[in-house]
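Reading through the structure tokens given below for one structure.
Just so you know, all these numbers are worked out from the coordinates, no wet-lab data involved. Since the model is a prediction, treat every value here as computed from it, not as a measurement. We place every Cβ from the backbone using ideal geometry, glycine too, and count neighbours over all the protein chains shown.
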Amino acid sequence: MRTQVCIIGGGPSGLLLSQLLHRAGIDTVVLERSTRAHVLSRIRAGVLEWGSTEVLRQAGVGARMDREGFVHSGTYIAARNRGFRIDFQERAGKSIMVYGQTEVTHDLYAARDAMGGIVIDEAADVTPHLDESAVTFVKDGRGERVDCDFIVGCDGSHGVSRTCIPADVLKTYERHYPFGWLGVLSETPPVSEELIYANHSRGFALCSMRNQHLSRYYIQVPIEDTVAAWSDAAFWDELRRRIPHDAAERLETGPAIEKSVAPLRSFVAEPMRWRNLFLVGDAAHIVPPTGAKGLNLAIGDVHYLSEALIGHYGGDDEGIDTYSQRALARVWQAIRFSWWLTTTMHRFPDQNEFDQRIQESDIAYLEHSVAARTVLAEQYVGLPF
């Protein structure tokens, strides 16, 4: 099999890159190790920066998002069970879109099918061969090979692509946070029309949503906690303790239809290009979910790389030569923002009352400083490409 760009990974970043390149007349093949049903069952992020929504529209997959997504022009920050609102439109001139990653992936699969895009699911033993500019894999027990000009790794933090960069070239940066998020998905109306981020002496809490009848809530828990340690009743009781009193009073509870504990970490790999290999999304960087940057950073990578590859096939290699530098500049800004929001809003194991009061003072400054609210709003809605 021969193509121009072979994409390893059939999640949203791989599908989006394939869609953008196909619309520009560039052939791609996408290799995904899992079944399509498994990819579409993943519960992931639900907040899109405005720049991300524009890239999805550019790819021709924004219609359902614009019809069914929820535009949020602000968010609530809370401490000591009292919250205040930061107006994104007022401070940054943009909004965010609440539209689940699962729905984005549905839309992208539908678009690739409609255009006859080649997406090979259940591709096992995927192996890039940079010297030969090829990727081999096994499908239905038979060895297959894709010859290509470029290989793009959209295969996540545990994928094979990043391992192709020599150890003396690859540099990684990592920070693990000493707590996790217990997340619950429930078929209940959201407690707020916009997200609530809550700092509390007992730990962080977040109130989010997927739609008008599907809510997503999180509480900070010790890193060693398991789902089995938390009954539904215990979760709801703890969430009420941490969020603003008015939100706690109107909170509607119900059975958890999905419950999971996720660890938090920051990770960056440099460079994001090695020879004819490019890294995109989680293959190159991980952010804690506090800043809602994971999917958005991947879409940013896709934006830069699609422009670069389109430029290459038009005779201009500047984009592919500078891809890593451009993408990493934006990645590090998001890493810093996510680290700052995480350290400001969470309770650390060695934290004392002094540290708690410092956090509360930071949040009070955010409430009363126009400059501070502007900084948060600009980064939350997404820095320009």
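Odds and ends about this structure:
- Simple rule: put +1 on each Lys or Arg Cβ and -1 on each Asp or Glu Cβ in segment 171-222, find the dipole, and look at LEU195, SER208, LEU182; the Cα lying farthest toward the positive end is LEU182.
- ARG142-THR343 pseudo-label distance in nm [points 7 Å out on the Cα-to-Cβ vector]: 5.5 nm
- Taken as Cα centroids, segment 258-300 and segment 6-63 sit 15 Å apart, rounded to the nearest whole angstrom.
- Rounded to 10°, Cα long-axis angle of helix 318-345 versus longest principal axis of the chain: 20 degrees
- A Cβ-based charge dipole, computed about the Cα centre of segment 49-97 with Lys and Arg at +1 and Asp and Glu at -1, lands at about 240 debye.
- Look at the alpha carbon pairs under 8 Å that are at least 6 residues apart: their mean separation over the length of segment 269-369 gives a relative contact order of 27 percent.
- With the charge dipole of the chain set up from +1 on Lys and Arg Cβ and -1 on Asp and Glu Cβ about the Cα centre, the Cα lying farthest toward the positive end among the listed residues ILE358, ILE7, LEU295 is that of ILE358.
- Helical runs assigned H by DSSP (4 residues or longer) give the chain a calculated mean residue ellipticity at 222 nm of -11500 deg cm²/dmol, each run adding -39500 (n - 2.57) before division by the residue total.
- Ordering of 203-213, 145-155 by packing [mean C-beta count within 10 Å, highest first]: 145-155, 203-213
- The peptide list 157-170, 104-117, put in order of mean Cβ contacts within 10 Å with the highest first, becomes 104-117, 157-170.
- In this Cβ point-charge picture (+1 for Lys and Arg, -1 for Asp and Glu), segment 290-385 has a dipole of about 220 debye about its Cα centre.
- Loop-located GluC sites (Glu not before Pro) across segment 29-86 with a Cβ neighbour count of 14 or fewer within 10 Å are lacking, with loop assigned by DSSP.
- The separation of segment 123-142 from segment 320-384, counted between C-alpha centres, amounts to 40 Å.
- With both residues required to sit in the chain, DSSP beta bridges show an antiparallel share near 75%.
- Dipole of the chain, positive direction: furthest Cα of GLN220, VAL98, GLY143, with charges on the beta-carbon: GLN220
- Mean Cα-pair separation over length for segment 182-311, i.e. relative contact order, pairs under 8 Å, 6 or more apart, %: 24 percent
- Here the simple spin-label model places points 7 Å from the Cα toward Cβ, and for GLN4 and ALA262 these points are separated by 3.4 nm.
- Segment 329-385 shape via C-alpha gyration tensor axes, a/c threshold 1.5: oblate
- The chain: angle of helix 370-381 to the longest principal axis, Cα-based, in degrees nearest 10: 40 degrees
- Cβ-placed point charges (K, R +1; D, E -1), dipole of the chain about Cα centre in debye, nearest 20: 540 debye
- The lysines within cross-link reach of LYS94, meaning a Cα-to-Cα straight distance under 18 Å and a gap of 8 or more places when in the same chain, are LYS293.
- Averaging the sequence gap over all C-alpha pairs within less than 8 Å and six or more residues apart, then dividing by the number of residues, gives the chain a relative contact order of 20 percent.
- Spin-label model, SER369/THR172: points 7 Å from Cα along the beta carbon direction are separated by 3.5 nm.
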